[in-house]
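Remarks on the structure that follows.
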Amino acid sequence: MTGREYPARPIVGIGIVVLRGDSVLLVRRGKPPNIGSWTLPGGAQEIGETTETAARRELLEETALEVGPLLLAATVDSIRHDDEGRVQYHYTIIDYCAQWICGEPVAGSDVTEAVWAPLDGLEPYALWSEAHRVIATAKELLA
């Protein structure tokens, strides 16, 4: 078991939706949970770190990108049970959103790929339904 499995309390996760024109930044997870899955950049908040600082750090670590102003987009609860019904993972995810300014994503940290995915062609990425909801909210906020 890792420190994030079977937690005593929820872990604060941070996500960030970065939009560039008609595209959204996606990453492929390189570590559990959800290894190999496409998702929004993000990770766990660290002690002493604000949520906005965590969002910027995770974005930089996973994609080598920096963005301008951040807006709070949504909160999401991710709770996964094991075969015995015990809570194996429990994240409370705070999602921010921002417009891309410059640069191209480079996969780093705990991701294996980072891409600009077309907003009207997200089906091949098999995103979690909550990711679709957060992306839609970000589109409205950043319009």
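Read-outs: derived from the displayed coordinates by stated rules, not from any lab. Fair warning: this is a prediction, and the values are worked out from it, not measured in the lab. Ideal geometry is used to build each Cβ from the backbone, glycine not excepted, and the neighbour counts take in all protein chains shown.
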Rounded to whole Hz, the Karplus (6.51, -1.76, 1.60) HN-Hα couplings of the stretch 14-21, x for glycine and proline: 10, x, 9, 9, 10, 9, 9, x
DSSP-defined antiparallel bridges as percent of all bridges, the chain, nearest 5: 75
Under 5 Å, built H, 5+ apart or other chain: amide partners of VAL111: GLY30
Nonlocal amide H pairs with TYR96, under 5 Å, H built at 1.01 Å: GLY15, ILE16, VAL17, ALA73
With Cα atoms, 0 to 90° folded angle of helix 51-63 axis to the chain main axis: 80
Inter-part distance where the stretch 90-140 and the stretch 10-37 are each reduced to a Cα centre, Å: 5
Helix-only CD estimate at 222 nm, as mean residue ellipticity for the chain, using -39500 (n - 2.57) per DSSP H run (n ≥ 4): -6000 deg cm²/dmol
For the stretch 1-62, alpha-carbon Rg relative to the globular expectation (2.2 N^0.38 Å, N residues): 1.21
13 Å beta-carbon shell around ALA114, net charge (K/R +1, D/E -1): -3
The stretch 44-97 - Rg over Rh from alpha carbon coordinates, Kirkwood radius: 1.08
Positive minus negative residues near GLY3 (Lys, Arg vs Asp, Glu; Cβ under 13 Å): +1
Proximal charge balance of ALA73 [Cβ under 11 Å; K/R count +1, D/E count -1]: 0
Gyration tensor verdict on the chain (Cα atoms; rounded if a/c is under 1.5, prolate if a/b is larger than b/c, oblate otherwise): prolate
